[in-house]
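Beneath this line is the structure, given in structure tokens, with notes to follow.
The values are calculated or read from the model by the stated rules, or taken from the named source; none is laboratory data. Here the structure is a predicted model, which means the values were calculated and not measured. Virtual Cβ from ideal backbone geometry, glycine too; neighbours counted across all protein chains shown. Surface areas here come from the heavy atoms of the whole protein model, side chains and all, with no ligands, DNA or RNA. Shrake-Rupley method; radii C 1.70, N 1.55, O 1.52, S 1.80 Å.
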Amino acid sequence: MFSLSQSSFLNNSLSGVSRGLTRSTNRRVTAPPVVVCAVSSNGRPGDRNVSVLENTLQEMRENAPSSSSSVIEKESESTVGGGVEDVYGEDSATEDQYITPWTVTVASGYPLLRDPHYNKGLAFTEKERDAHFLRGLLPPVVISQDIQVKKMMHNILQYQVPLQRYMAMMDLQERNERLFYKLLIDNVEELLPVVYTPTVGEACQKYGSIFRQPQGLFISLKEKGRILEVLKNWPEKKIQVIVVTDGERILGLGDLGCQGMGIPVGKLSLYSALGGIRPSACLPVTIDVGTNNEQLLKDEFYIGLRQRRATGQEYAELLHEFMSAVKQNYGEKVLIQFEDFANHNAFDLLAKYGTTHLVFNDDIQGTASVVLSGLMAALKLVGGTLAEHTFLFLGAGEAGTGIAELIALEMSKQTDVPLEEARKKIWLVDSKGLIVRSRMDSLQHFKKPWAHEHQPVQNLLDAVKAIKPTVLIGSSGAGRTFTKEVVEAMASLNEKPIILALSNPTSQSECTAEEAYKWSKGRAIFASGSPFDPVEYKGKIFSSGQANNAYIFPGFGLGLIISGAIRVHDDMLLAASEALAEQVTEEYLDNGLIYPPFANIRKISAQIAARVAAKAYELGLATRLPQPENLVSYAESCMYSPNYHSYR
Ligand SMILES: O=C([O-])CC(=O)C(=O)O
Ligand SMILES: [Mg+2]
């Protein structure tokens, strides 16, 4: 059978299966790389199959996912490995039950070049080419990862059409994952608008026609009753973060059904690039319950279920099955991020699962945290405390009411006034006008706390004149709603009006950066959800910040993971806001920026993660004990690096 060296090689290989756990970038890793796969899906001819030894299978089970999925526990409990768990049911299954057949294959030669997790393309060294049967499969040249990055960046910039850049990036992700992340991390400011808003919005709209390779996990009504089985089809077993959408409210673009998958894929790319979560620990999920988008239902290239949306009990049951299956399969500490659900489901899902699962709604909580942070920084420019300002929102959905509530919470903590009192400084306008007490009976439950005593006001401009806000926040998903009159009214009321146009993508932004600066005569403090280029006004260059939850969720998630948190608490959102606001230096403020540049985002994410983790420990919600002494350096040390490993 196997010689000692072969079997110890296999054992090493198996621990290498949990890929991202290897931190040192210089260390040589298992080689040839190992893929754990279901025979049925990956047993390709050409793989050099290694027969499965009993002890290696045993090790697989020990290393298999359990409730202890945090990076740290994996390392500190390596002798325990979370206990021997019969994750795949082989041991407990009786003869008439089905099990999943697993095997261990060593990828080399052609399959190695086709495996995005291990492929290095032209960067395979001479030695690796010999050791891994790659001779002749690559042209003679050997180049470094840095040169590959330079070349890819050059190629991507050749494309003038944003969607082509997006497709080139997705192709790279499917071909060479480490190069994709290296490229994204090294060029984050240029590439964020490609893999994220605004381009990802267009990609979702056209997802069916640009579809090449499936990304993420699709769970549709067809899978009802079998969701656990579907989760087990996913090739990675140690999942730490899931981003899930049902596609009903994709950015400000509305119902894109199954084509919303671009959003969880994009968000998770940022989890890895900006927050350092291992790509293999990230799972994008789209739940397809149909779509009410008539255009998509008629589109011959549409990739989802061709039916109208399931609602009520049918919807709730599918979601419940999903939430239960996730917990059963990945344990208590997997973070589930709800993304781009419609208002009517988003609030209910967060309330329903907030007490039983580690859940986070990015549109309600992530957006709230990033906006509060921007306001904390902006106050350094305009003066006054939160409680001394008056806030007016256009849009009373997830983002609007989520931000409003977090501002009120922070205000009430700062001034010791009850939350209900603090809320009175905050006003919201929806499609029917100002939210006032007389509308109470007809309001959806999440709007009711904002129905203050006031005469009815029909539109935004009149609301600005009546309420006299110092801060105007757009969160309606409807573009071009901060008109010249609205911005001028804000500028006539305030020396430095704070104007945030949060809706995404750029087409849905309430106004452009240029409009905000021009109409306020250069006095606005402006930030937007999607990025705008710097604007020149009267010979001065104005750069605006990007008030986007991308600043928060990657570091926030990292903080939850490194502390082994089991629940999200509002105080963690406040901690994240403070950590981000502290990163805005005098120099940025002097240039009117209320957010730091994305270029430093990994350092910023580590700061956010440390503060979130510290809060988790303080609140008794952390399970990773003992608490590391220096949480910032600890967070940094846990972050995924996309540099290539050397193969033995
Ligand atoms: O994805 C983004 O850019 C921000 C966000 O969550 C949304 O607009 O729904
Ligand atoms: Mg969103």
Quick one: would you say Met261 is part of a helix (DSSP H, G or I) and surrounded by 22 or more Cβ atoms within 10 Å (Cβ to Cβ)? yes
In the stretch 302-324, residue nearest to Gly262 (Cα to Cα) [restricted to those that are under 24 Å from the mean Cα position of the chain (by Cα) and open to solvent by less than 30 Å² (accessible area, probe 1.4 Å)]: Gly304
Can you tell which of Lys352, Lys380, Lys327 is over 26 Å from Ala203 (Cβ atoms) and touching an Asp or Glu at 6+ places or on another chain (Cβ under 9 Å)? Lys380
Quick one: which of Leu297, Leu274, Leu305, Leu268 is within 16 Å of ligand 1 (Cβ to nearest atom) and touching a Ser or Thr at 6+ places or on another chain (Cβ under 8 Å)? Leu274
When only residues in the stretch 197-215 that are open to solvent by 10 Å² or more (accessible area, probe 1.4 Å) and part of a loop (DSSP other than H, G, I, E, B) count, which is nearest to Gln508 (Cα to Cα)? Pro198
Filter the stretch 116-164 down to residues that are free of Cβ contacts under 8 Å to residues at least 60 places away in the same chain and among the β-branched types (Val, Ile, Thr) and give me whichever is nearest to Leu179 (Cα to Cα). Val149
For the subset of the stretch 271-283 comprising residues that are surrounded by fewer than 24 Cβ atoms within 10 Å (Cβ to Cβ) and in a helix (DSSP H, G or I), which member is farthest from ligand 2 (Cβ to nearest atom)? Ser280
Can you give me the ranges of the strands (runs of 3 or more DSSP E) entirely in the stretch 367-474 with at least 1 residues that are within 16 Å of ligand 1 (Cβ to nearest atom) and open to solvent by less than 10 Å² (accessible area, probe 1.4 Å)? 391-394, 471-474
Which of the residues that make up the stretch 514-545 are open to solvent by less than 40 Å² (accessible area, probe 1.4 Å) and within 16 Å of ligand 1 (Cβ to nearest atom)? Ala527, Ser528, Gly529, Ser530, Ser544, Gly545
All but one of (1) out of contact with any Phe, Trp or Tyr (no Cβ under 8 Å at 6 or more places or on another chain); (2) closer than 22 Å to Ser507 by Cβ; (3) open to solvent by less than 10 Å² (accessible area, probe 1.4 Å) hold for Gly290; which doesn't? (2)
Condition check for Glu248: within 16 Å of ligand 2 (Cβ to nearest atom), among the acidic types (Asp, Glu) and assigned to a loop (DSSP other than H, G, I, E, B): yes
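For (1) in a helix (DSSP H, G or I); (2) under 24 Å from Lys206 (Cα atoms), each residue gets a yes or a no:
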site	(1), (2)
Leu112	yes, no
Tyr118	no, no
Glu128	yes, no
Gly136	no, no
Pro140	no, no
Gln148	yes, no
Lys151	yes, no
Arg165	yes, yes
Leu184	yes, yes
Anything in the stretch 489-512 that is part of a helix (DSSP H, G or I) and within 16 Å of ligand 1 (Cβ to nearest atom)? List them, or say none. Thr506, Ser507, Gln508
Report, ordered by the first and then the second residue, all pairs with beta carbons closer than 9 Å, sequence separation of six or more or different chains, a first member in the stretch 325-340 that is more than 21 Å from Lys267 (Cβ to Cβ) and open to solvent by 10 Å² or more (accessible area, probe 1.4 Å), and a second member that is of a type outside the set (S, T, N, Q) and modelled with pLDDT of 95 or more. Gln328/Leu228; Gln328/Leu231; Glu332/His357; Glu332/Leu358; Glu332/Ile566
Among residues of the stretch 352-362, those that are open to solvent by less than 10 Å² (accessible area, probe 1.4 Å) and either within 16 Å of ligand 2 (Cβ to nearest atom) or in contact (Cβ under 8 Å) with a residue 40 or more places away in the chain (or both), counted: 5
Quick check on this structure: which one of Gln158, Gln205, Gln173 is closer than 27 Å to Thr291 by Cβ and away from ligand 1 (no atom under 16 Å from the Cβ)? Gln173
Given the condition outside any loop (DSSP other than H, G, I, E, B), surrounded by 19 or more Cβ atoms within 10 Å (Cβ to Cβ), within 16 Å of ligand 2 (Cβ to nearest atom) and in contact (Cβ under 8 Å) with a residue 24 or more places away in the chain, answer yes or no: does some residue in the stretch 234-242 qualify? yes
Tell me yes or no: at least one residue of the stretch 558-575 is more than 16 Å from ligand 2 (Cβ to nearest atom), among the hydroxyl-bearing types (Ser, Thr, Tyr), open to solvent by less than 40 Å² (accessible area, probe 1.4 Å) and assigned to a loop (DSSP other than H, G, I, E, B). no
Yes/no for Asp299 being touching a helix residue (DSSP H, G or I) at 6+ places or on another chain (Cβ under 8 Å), buried (at least 24 other Cβ atoms within 10 Å of the Cβ) and among the acidic types (Asp, Glu): no
Just a yes or no: is a residue in the stretch 220-227 open to solvent by 10 Å² or more (accessible area, probe 1.4 Å) and within 15 Å of ligand 2 (Cβ to nearest atom)? no
Based on what the data block shows, is Ile601 buried (at least 20 other Cβ atoms within 10 Å of the Cβ), touching a Leu at 6+ places or on another chain (Cβ under 6 Å) and assigned to a helix (DSSP H, G or I)? yes
Within the stretch 475-502, can you find the residues that are open to solvent by less than 10 Å² (accessible area, probe 1.4 Å) and of a type outside the set (A, V, I, L, M)? Phe482, Pro497
